[in-house]
1. Considering only protein heavy atoms, with the full assembly of protein chains and a 1.4 angstrom probe, order ILE206, ILE212 by accessible area, largest first.
2. With only Lys, Arg, Asp and Glu charged, each at its Cβ (+1 for the first two, -1 for the last two), find how big the charge dipole of the chain is about the Cα centre; round to the nearest 20 debye.
3. Starting from 0 in steps of 20 Å, tell me what percent of the Cα-Cα pairs of the chain lands in each bin.
4. Given the options PRO77, THR161, LEU32, identify the residue whose Cα lies farthest towards the positive end of the charge dipole of the chain (+1 on Cβ of Lys, Arg; -1 on Cβ of Asp, Glu).
5. Note down the relative contact order for the chain as a percent, whole number, built from C-alpha pairs under 8 angstrom at least six residues apart.
6. Rounded to the nearest 500 deg cm²/dmol, what is the calculated helix-only ellipticity per residue at 222 nm for the chain, with -39500 (n - 2.57) per DSSP H run of length n ≥ 4?
7. Per residue, how many Å² of accessible area does region 204-269 show with a 1.4 Å probe?
8. Which residue, GLU195, GLU275, GLU95, tops the fluctuation ranking in a GNM of the chain built on C-alpha contacts under 10 Å?
Amino acid sequence: MSKNWISTPKVEGKASRQAHCDLPEGTYERELGKEGFFGPAAHMHHQHPPTGWTRFEGDLKPRAFDTSKFSEFGETPWQARTLMDNAHCKVRIWEMTSSMDQLVRNADGDELLFIHAGEGHLYCDYGHMEVSEGDYVMLPRSTMWRLESADPMRLLLIEATNGSYLLPEKGLLGPHAIFDPAMLESPHIDDMFREQQDETEWEVHIKRNGRITVMTYPFNPLDAVGWHGDLMPVRINWRDIRPLMSHRYHLPPSAHTTFVGNRFVVCTFVPRPFESDPGALKVPFFHNNDDYDEVIFYHQGEFFSRDNIHPGMLTLHPCGFTHGPHPKALQNAFEQKAPGTNEVAVMIDTRDALQVSEAAETVEWPGYVDSWKGA
Ligand SMILES: [Fe+2]
């Protein structure tokens, strides 16, 4: 049912009528918005950048964590470092240093793997699939799986706790935009899958309510000879995503939604050209996304709107204050020298407040909150 918002469009004082375009001379635009860029919104034109704070005390500050500083992960993904979580979503980082010699099964929810580094082979109930850097692998809740790789693999794990992953509504774009669902790869019952089937002892490490149960079989339970249905793990690489852009309008981050969970979304920022219309904003607009906490994991490339961020870092911008481009990026708000961005990042926007773990705090960069100074 559509909502009857208490709302009517108005223009007050000196203002542009088109969001993110043709801002009054010398002003900084700030979007105040509900429902994560889908609800009523107002666009303020300020005389100062809204990130120009001098002090920020308390829990609500923007935070950054350098996950590349973690080492010595356990042998199963259930020993991954939890970075942050809430009742609907759990964000973890794990490095697999040698092939898993047990199977795992997440009974707490669908699991989305994002492969930050490395490549290998996924073996699961449904068969075998090669996986590599930049892949998302969505594993339906309680799928049995393991990874094999000669080299370390670093993974971001995003659990849809007690929920399922869906594809976003494509609306006006039609079903084949951004990526065609036909691009989703699924595992195969192939020779490599058949070759790993054996009669030796296998453990299955099951996670439920965050606790681990170990079940032992006298054979490899990945012993299917076939299957049919419309439930299966799927893989898609960020390189398969054909991002939306408009040469005349800076699209909101929601245009890059890749997967939808229960009370959170996963978006992917991939390289794209800058807007070319002289009046169109060319960097993210300042905004308070008042209904969502925003997390970004930086995968590769140059992060055009943030300084001092490198691959493997993760930022958290809780809802409740305005964020936006760093001062250096802001200088290019209406004039970009490069043809486009080359950043690749995974964004997780959650409707409910995220809890930061003690593990994440051990790799926190406390200076992040001050990194907008000079704006
Ligand atoms: Fe944001």
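The values are calculated or read from the model by the stated rules, or taken from the named source; none is laboratory data. Computed from a predicted structure; not experimentally measured. Here Cβ is always computed from backbone atoms with ideal geometry, including for glycine, and neighbour counts include all displayed protein chains. All accessible areas refer to the heavy atoms of the entire protein, side chains included, with ligands and DNA or RNA removed. Shrake-Rupley method; radii C 1.70, N 1.55, O 1.52, S 1.80 Å.
1. Numbers: ILE206 25, ILE212 80 Å².
From most exposed to least exposed: ILE212, ILE206.
2. Working: 34 positive and 54 negative charges, 335 e Å.
Computed charge dipole of the chain: roughly 1600 debye.
3. 27, 55, 17, 1
4. LEU32
5. Working: 878 pairs, mean separation 81.1, N = 375.
Computed over the chain, the figure is 22 percent.
6. On the way: 3 runs with 13 residues, N = 375.
Calculated from helices alone, the mean residue ellipticity at 222 nm is -500 deg cm²/dmol.
7. On the way: 3480 Å² over 66 residues.
On a per-residue basis, 53 Å².
8. Looking only at GLU195, GLU275, GLU95, the biggest GNM fluctuation is shown by GLU195.
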